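A quick write-up on the structure given underneath.
Please treat every number below as a calculation from the coordinates, not as lab data. Small disclaimer: the values here were computed from a predicted structure and weren't measured. Neighbour counts run over all protein chains shown; Cβ positions are idealised from the backbone, glycine included.
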Amino acid sequence: MRSDNIHSGHRQRMKQRFLNYPPEFMYDHELLEIALFSTRPLVNTNDTAHTLLDSFGSVSGVLNADVSELESVKGIGRNSAEFIKVLSEGVRRYQVRAHSSASLKEFSDLKAYLMGYFGSSDNDVCSVLTVDSSTELVNTVNLPYADIVSGRISHRNIAEIFIMHNTYRIILAIFHSGNNCTPFSADYSIINFFAEVCASLDIDFVNSVICTRNDAFSVKGRGAFGFLR
């Protein structure tokens, strides 16, 4: 029986090309096009993929976009936006697991790790790096910077996250999308916020690092942890 879907042959060819050749052989818009096959079965997702890249600038920009931002793009409905966010979280967790044996004891190693981790980020974020007794990375939890500054994330919320992940040692990384890694007053407030939660749960607060894509500032290494209450 002949299919009435004029895109069915094209989709199969795209899938086969993805499976038969190295992924590097495909353009960014083609990867997004294929990813959207699952949520847009009867729509030409090539056009939508181009629109996503035009709107957010890159694949990482698409993955970092909020659901509401994604939904504002023509051709992206709620299902597609949610699928992209699930895909984004899967990529983030893979990156964390891939570096799970990374030793972060030396600041040079910590800085190199964070430069790679935040290299494609466009939004200010607080990352809690759970480490073991040897300061090897165990897990990473990302939290919106603005939500912590505004108080939308409470001490209790953070405590629940720590308990859920069996946390007993952390490094706090505050990423700023600009080029200045000198701590702002809000950064010190956030550091104090996490220090209070750590103290209440007897968690070792190893260090806090202010990061940009190109540099990092060790708060403890510069002797600036003395302000903590």
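Multiplying the residue separation of residue 202 and residue 103 by 0.36 nm and removing their Cα-Cα distance gives an extension gain of 33.4 nm. Got a sec? Which residues in region 174-193 would a label at residue 155 touch, if it sits 7 Å along Cα→Cβ and we count backbone N under 13 Å? So the set is 192-193. Could you tell me the number of lysine pairs in the chain with C-alpha atoms less than 22 Å from each other, where the two lysines are 8 or more residues apart or belong to different chains? Summing the qualifying lysine pairs gives 4. Normalised by 2.2 N^0.38 Å, with N the number of residues, the alpha-carbon radius of gyration of region 102-146 equals 1.18. Using 0.36 nm per residue and subtracting the Cα-Cα separation, the extra length available between residue 122 and residue 17 on full extension is 34.7 nm.
Take the convex hull of the alpha carbons in region 24-65; its mean projected area over all directions comes to 2.9 nm². Divided by 2.2 N^0.38 Å, where N counts the residues, the Cα radius of gyration of region 52-202 comes to 1.11.
Percent antiparallel among DSSP beta bridges with both residues in the chain, to the nearest 5? DSSP beta bridges in the chain are roughly 70 percent antiparallel.
Is the C-alpha gyration tensor of region 146-210 telling us rounded, prolate or oblate? Criteria: a/c under 1.5 is rounded; beyond that, a/b larger than b/c is prolate, otherwise oblate. Judged from the Cα gyration tensor, region 146-210 comes out prolate (a/c at least 1.5, a/b above b/c).
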